[in-house]
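For reference, the structure is listed below as structure tokens.
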Amino acid sequence: MTAPGELIIEPKNGQPADACVFIIHGLGADGHDFEPLVPALALPESVNVRFIMPHAPRLPVTINGGMVMPAWYDILAMDLGRRVDEVQLKKSAERIQALIQEQIDQGMDSRRIIVAGFSQGGAVAYQAALSFPQPLGGLLAMSTYFATADSIEPAEANRHVPIDVHHGNFDPIVPETLGRSGVERLKAMGYNVNYRQYPMAHALCPQQVNDIGKWLSERLG
């Protein structure tokens, strides 16, 4: 099915963007899910960031009885490792990489591009960022898991990309054990990862939003 477009939010100060943040939503949502996050980040006026929030295509999802919904890939089973359709996941990651390349082709420095993802979108973000052939500015993985840890072909250009991983310790959808497992796999692969846990379920909390704003300001300020 043809994928829909993207929600694009230009810098609030009216200046041309010299940085870009991709935010990849979770299962059953769309790009508008994180639209309210942008003003809540309280980024400095001097940070000219374009936010791009792609919308997932609609796919049948096995664990939801085959119901068709916005999804980056099919989830086949909710077992300990969470079995997924890796072909679909990697196709979605390639779509994100194509959008990143579009920004670069328009003159954006790749090192001022950050990829963020929540839940299912975080699994796509891991794949898209760590296999992208040009150095990126950062990877933010929220309430998610490293679904392609066993099959990813990491790009040398992003061996040292800043990685921030966030998870709620009361998450009933993606257990924190899955998030921590992904962090341990990343460390075993040689990545430097900063892990933050929050007293929340499968969502964002005010402290986390504050931390994201500070992290983005440090990366892009």
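The values are calculated or read from the model by the stated rules, or taken from the named source; none is laboratory data. These numbers come from a predicted model, not from an experiment. So basically every Cβ, Gly included, is an ideal-geometry build from the backbone, and we count neighbours across all protein chains shown. The accessibility values were calculated without ligands, DNA or RNA, using every heavy atom of the protein model including side chains. Shrake-Rupley method; radii C 1.70, N 1.55, O 1.52, S 1.80 Å.
Worth a mention:
- Long-range neighbours under 9 Å by Cβ, at least six apart or interchain, first residue touching a residue at least 12 places away in the same chain (Cβ under 8 Å) and surrounded by 14 or more Cβ atoms within 10 Å (Cβ to Cβ) within segment 179-200, second of a type in the set (D, E, K, R) and part of a strand (DSSP E or B): 193/164; 195/164; 196/164
- Only listed residue being closer than 22 Å to residue 202 by Cα and open to solvent by less than 30 Å² (accessible area, probe 1.4 Å), chosen from 84, 47: 84
- When every residue of segment 91-101 is checked against the conditions, none turns out to be crowded, with 17+ Cβ neighbours inside 10 Å, in contact with a Gly (Cβ under 8 Å, 6 or more places away or on another chain) and without any contact (Cβ under 8 Å) to a residue 60 or more places away in the chain.
- Only one of 203, 123 that is out of contact with any Pro (no Cβ under 6 Å at 6 or more places or on another chain) and buried (at least 16 other Cβ atoms within 10 Å of the Cβ): 123
- Residue-level analysis places residue 157 outside the set of residues that are closer than 21 Å to residue 171 by Cα, open to solvent by less than 60 Å² (accessible area, probe 1.4 Å) and at pLDDT 95 or above.
- Segment 4-25: number of residues that are at negative phi, open to solvent by 30 Å² or more (accessible area, probe 1.4 Å) and assigned to a loop (DSSP other than H, G, I, E, B): 8
- Cβ-Cβ contacts under 8 Å between residues 6 or more apart (or on different chains), taken from a first residue in segment 56-78 that is open to solvent by 70 Å² or more (accessible area, probe 1.4 Å) to a second residue that is at pLDDT below 95 and assigned to a loop (DSSP other than H, G, I, E, B), are listed as 58/1.
- Restricting attention to segment 27-81, the residues being of a type in the set (D, E, K, R), touching an Asp or Glu at 6+ places or on another chain (Cβ under 7 Å) and closer than 22 Å to residue 8 by Cβ number 1.
- 1 or more residues of a type in the set (Lys, Arg): qualifying strands (runs of 3 or more DSSP E) within segment 128-221: 193-198
- Residues located in segment 156-187, provided they are hydrophobic (A, V, I, L, M, F, W, C) and in contact with a helix residue (DSSP H, G or I) (Cβ under 7 Å, 6 or more places away or on another chain): 161, 163, 165
- Residue, surrounded by the most Cβ atoms within 10 Å (Cβ to Cβ), within segment 102-117, restricted to residues that are in a helix (DSSP H, G or I) and free of Cβ contacts under 8 Å to residues at least 12 places away in the same chain: 102
- Answer residue from segment 37-80, given it is part of a strand (DSSP E or B) and within 18 Å of the chain's Cα centre (by Cα) and is nearest to residue 177 (Cα to Cα) among those: 75
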